[in-house]
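Report on the following structure.
All of the numbers you see were taken from the coordinates with simple rules; none came from a lab. Note that the coordinates shown come from a computational prediction; the quantities given were computed from them, not determined experimentally. Every residue, glycine among them, receives a Cβ derived from its backbone with ideal geometry; neighbour counts consider all protein chains shown.
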């Protein structure tokens, strides 16, 4: 299973250094949470951060847009160097258009499900995405408690994919994943796990924490 460190839990004053700490230590991609203070009650990063991080790592950069009207931000983040852009199905009445805009930029498109949203809400989108992100916490802040019931969505998404060979998306889990939880996430069939606090908010250094996550698999 792939590991995606979330820089939302890193030192905001040293983000480039935080990415260098995990680059080459087992991280498979970098997860960048973008929040507008409207769709979720917090503010975070803009396209400029992606531009900076693009210069310090060759790892894929996945941008998780937790914003209203994500259509307005797709091109700026693609131009800044994002490799994957993911939008919440709940964030826009024009989710198909948003995903089509991502596709037009040439980067991979992903759709995100909040804890209270069922897989039914994205069934019609599965043929046009390369990523489905299942939130296992309420979005907006790092360090929240894992909601295990949402792993049932992972089961459902994996089953749908297995039964339909034309579908080609990865299933990702984001929220509360640590060395104790990651094995269950893997058992349910997730392809990617986002980890923030478990990597950056521990007494050990981030590289050691990634190795601990990998060892738990």
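Can you tell me the relative contact order of the range 2-216? Whole percent, Cα pairs under 8 Å, sequence separation 6 or more.
Relative contact order comes out at 20 percent.
P(r) for the range 33-162, please, calculated from all Cα pair distances in 10 Å bins and given in %.
Whole-percent P(r) values from 0 Å outward: 13, 44, 35, 8.
Starting from the Kirkwood radius over alpha-carbon pairs of the range 26-65, derive D by Stokes-Einstein at 4 °C in a medium of 1.567 mPa s and give it in µm² s⁻¹.
119
Take the alpha carbon atoms of the range 112-130, find their center, do the same for the range 142-217, and report the distance between the two centers in whole angstrom.
Computed from Cα coordinates, the inter-centre distance equals 17 Å.
Kindly provide the pair-distance distribution of the chain built from C-alpha pairs, with 5 Å bins from 0 and whole-percent values in order of increasing distance.
Result, from short to long distances: 1, 8, 17, 21, 22, 17, 11, 3, 0, 0 percent.
What is the range 1-118's relative contact order, in percent, from Cα pairs under 8 angstrom and six or more apart in sequence?
Reported relative contact order: 20 percent.
Extending each Cα 7 Å along its Cβ direction at residue 90 and residue 69, get the distance between those two points in nm, one decimal.
Roughly 2.1 nm, to one decimal.
Which of rounded, prolate or oblate describes the range 89-217 when judged by the alpha-carbon gyration tensor and an a/c cut-off of 1.5?
Judged from the Cα gyration tensor, the range 89-217 comes out prolate (a/c at least 1.5, a/b above b/c).
Each label point is 7 Å from the Cα along the Cα-to-Cβ direction; what then is the distance between the points at residue 51 and residue 180, in nm?
4.3
Determine the relative contact order of the range 103-217: mean sequence separation of Cα pairs under 8 Å and six or more apart, normalised by residue count, in whole percent.
Relative contact order, the range 103-217: 22 percent.
How far apart, in nm, are two points set 7 Å out from the Cα along the Cα-to-Cβ line at residue 163 and at residue 205?
4.8
Dimensions of the range 163-215 along principal axes (Cα, Å, largest first)?
Principal extents (Cα only, largest first): 44, 17, 15 Å.
Please compute one quarter of the surface area of the Cα convex hull for the range 1-74 and express it in square nanometres.
Mean orientational projected area (the range 1-74, Cα hull): 5.2 nm².
With r as the distance between the Cβ atoms of residue 12 and residue 128 and R0 = 30 Å, compute the FRET efficiency 1/(1 + (r/R0)^6) and round to 0.05. Kindly include the intermediate steps, with their values, before the conclusion.
On the way: r = 34 Å, r/R0 = 1.13.
Step by step, r from the Cβ atoms, then E = 0.30.
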